[in-house]
1. Sort out which residues of region B:217-257 are closer than 30 Å to A:S129 by Cβ and of a type outside the set (A, V, I, L, M), and write them in order of number.
2. Taking the condition more than 14 Å from chain A (Cβ to nearest Cβ) and either open to solvent by less than 30 Å² (accessible area, probe 1.4 Å) or not small (G, A, S) (or both), does B:R252 pass?
3. Residues of region B:277-306 being charged (D, E, K, R) and either within 14 Å of chain A (Cβ to nearest Cβ) or touching a Pro at 6+ places or on another chain (Cβ under 7 Å) (or both), which ones?
4. Restricting attention to region A:92-111, does a residue exist that is open to solvent by less than 40 Å² (accessible area, probe 1.4 Å), in contact with a Pro (Cβ under 6 Å, 6 or more places away or on another chain) and of a type outside the set (A, V, I, L, M, F, W, C)?
5. Would you pick out the residues in region B:332-363 that are over 16 Å from the mean Cα position of the chain (by Cα) and within 22 Å of B:A308 (Cβ to Cβ)?
6. I need the helices (runs of 4 or more DSSP H) fully contained in region B:261-331, keeping only those with at least 1 residues that are under 15 Å from the mean Cα position of the chain (by Cα).
7. Looking only at region B:56-95, count every residue that is in contact with a Pro (Cβ under 7 Å, 6 or more places away or on another chain) and open to solvent by less than 30 Å² (accessible area, probe 1.4 Å) and tell me the total.
Amino acid sequence: MSAGLSTETSRETGTMTGSDWLLADSLAPIIEGDVLQPLYDGAALGQLVLPFCASCSLPLDLEQQVCDGCGGSDIAWRRVEPVGIVHAATMMHRREPGLVLASAPYPILDVELGSGHRLVMTTADAELSAPAIGDPVHITFRDLGGVRIPSARPHNPEPTVTTSTALSQTEAPA
Amino acid sequence: MTASDRVDLVGLGMTAMSTTPGAAPQELAREAVDLALADAAITRADVDGLLVGSSQGIRPDRLGVAFAAQGGFGDLRLLEHVEIKGATTIAMIQRAALAIAAGEARTVVCVFADAPLVAGRGAGSTYAHSGGQSGTRGLERASGVLGSVPTYALLAQRWMHVSGARPEDLAAIVTTQRAWAVDNPAAVARTPLSADDYLASPLISTPLRRLDCARPVNGSVAVILSNDVAIGHPARLAVRGTGRSHPVRHRRAGAESWFGGGRRAVDDALEHAGMSRSDLDLAELYDPFSVVTLMLLEEYDLTGGAKAGTFVRAGETGPRGRLPTNTGGGQLSGFYLQGMTPLAEAMVQLRAEGGDRQVPGASVALVGGIGGRLDHHAALVLERAA
Ligand SMILES: [Zn+2]
């Protein structure tokens, strides 16, 4: 297991004020020069932008530098459709004082996006329970200390809402 | 010296496992080394190799190669800091055995020390505050993934969904290992535990409760390997086989990204040993969370084809079971000292020093190690020499 300890607490002291429903601003990523900056730049525009192999279009891990499919090393960050299905989900009950603002357990989802990427995120708003594996979600964004963070909005199961049929090919609901 | 073709584990030293802040890793390592040297009936002058392991992360007091001087060793022929996360301990055994077999060293000390418990903050809080604000980890932390529990909770939920395991299987692992720990003086949690007690344990991240999580301690374990048959503890434990597997998984549709790919480590270790799974008298697996033991029993093909939950609920990992597993309570009820936890318990059992938890006639043990998010698997087969 990864049980690494660090002393990186410099921005995690101070006040608990924040615009996010869940976390203190001190947890906002430092985006300038970060390996994920294209994702954050896209998110600032309300777009979900993720890395692909520029040669063969394989969806890549967020920090992947060489394509495991074709060996190419050109990475193309592309806008993708903000939809996905739940690959795994947990309700986090432990709420670390000083970091978590919410007063109740909160969801953490591993979402398999329509693009093929998997991305861990929480929900756009507080939820009483986590969606089930296989449930469809829309991707929207939270504002955490001025940084927009991908988050999931569970589908309202009303008949007028159309869900992506393509997604059901990758995983059937439980 | 009298050299043998075989490399044996000839010394074991363990500090007390403390659940409260105290000594620094270097002090703990020094104590464990002293105990291991005494156990092997040798002195530092007999040692020509030193391998050190420590938790990763930015720790100014982390144990490193400077321990050669700090720990009072003389000139060495082998000195390395080994780092492959939770697979480090077995990697150290592999490194030492290869060096000894190649004639690069004769008697090698391997020591791991950790002191995650610091004054003024609980271990969970320390882990929650670590990880930084950059890269993928920074994005995950900005999504509420604080500490290591929620990641393993996602892994647990996914694996249970795929395998059909149920929450009562987790309860069975936890209560079974606690029953082992009751008779282990080195364990930090020795109060008998019922299934109801388990269900009363607070949830940390569904489905994982506090009792599903390892117990961090401040402590150290040192072991000594040698091919010198003239030295060492009278009960000689031979390194019969080792194997590693580092499955490279990706976070994309089409395959599982949290688990799979570890079996080869065990296959290779057994092949190296010239043994099969039916030769194993016990298994000591790396179990930072209850679900990991379940997963590994299936992943390593140790249940004879049964579902891990069925296997555990039938008592097969307990006393008189087909494969007594984590017989000191593991990292859940014993102590979490990363890869040293399963290795130390295997040595105690194979030496027949397990007291009331002794597995009768134990002569062959499988020791496992995992690192990262099940990204690194290491396996070691030990046999008590006749
Ligand atoms: Zn490619």
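The values are calculated or read from the model by the stated rules, or taken from the named source; none is laboratory data. Quick caveat, the model's predicted, so the values are computed rather than measured. Cβ: placed from backbone, ideal geometry, glycine included. Neighbour counts: every protein chain shown. Surface accessibility is based on the protein's heavy atoms, side chains included, excluding ligands, DNA and RNA. Shrake-Rupley method; radii C 1.70, N 1.55, O 1.52, S 1.80 Å.
1. Matches in region B:217-257: B:R249, B:H250, B:R251, B:R252, B:G254, B:E256, B:S257.
2. Values: more than 14 Å from chain A (Cβ to nearest Cβ): no; either open to solvent by less than 30 Å² (accessible area, probe 1.4 Å) or not small (G, A, S) (or both): yes.
Against the criterion (more than 14 Å from chain A (Cβ to nearest Cβ) and either open to solvent by less than 30 Å² (accessible area, probe 1.4 Å) or not small (G, A, S) (or both)), B:R252 does not qualify.
3. Residues satisfying the conditions are B:E284, B:D287.
4. No, because not a single residue in region A:92-111 is open to solvent by less than 40 Å² (accessible area, probe 1.4 Å), in contact with a Pro (Cβ under 6 Å, 6 or more places away or on another chain) and of a type outside the set (A, V, I, L, M, F, W, C).
5. Correct list: B:R357, B:V359, B:A362.
6. Of the helices (runs of 4 or more DSSP H) lying wholly inside region B:261-331, those with at least 1 residues that are under 15 Å from the mean Cα position of the chain (by Cα) span B:263-273, B:290-299.
7. Taking region B:56-95 and keeping what is in contact with a Pro (Cβ under 7 Å, 6 or more places away or on another chain), we get B:61-63.
Going one step further and asking which of them are open to solvent by less than 30 Å² (accessible area, probe 1.4 Å), we end up with B:63.
Result for region B:56-95: 1.
Matching residues to (1) open to solvent by less than 20 Å² (accessible area, probe 1.4 Å); (2) closer than 30 Å to B:A32 by Cα; (3) of a type outside the set (F, W, Y); (4) out of contact with any Gly (no Cβ under 9 Å at 6 or more places or on another chain):
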{"residue": "B:D114", "(1), (2), (3), (4)": "yes, yes, yes, no"}
{"residue": "B:T136", "(1), (2), (3), (4)": "no, no, yes, yes"}
{"residue": "B:A142", "(1), (2), (3), (4)": "yes, no, yes, no"}
{"residue": "B:V149", "(1), (2), (3), (4)": "no, yes, yes, no"}
{"residue": "B:E168", "(1), (2), (3), (4)": "no, no, yes, no"}
{"residue": "B:T175", "(1), (2), (3), (4)": "no, yes, yes, yes"}
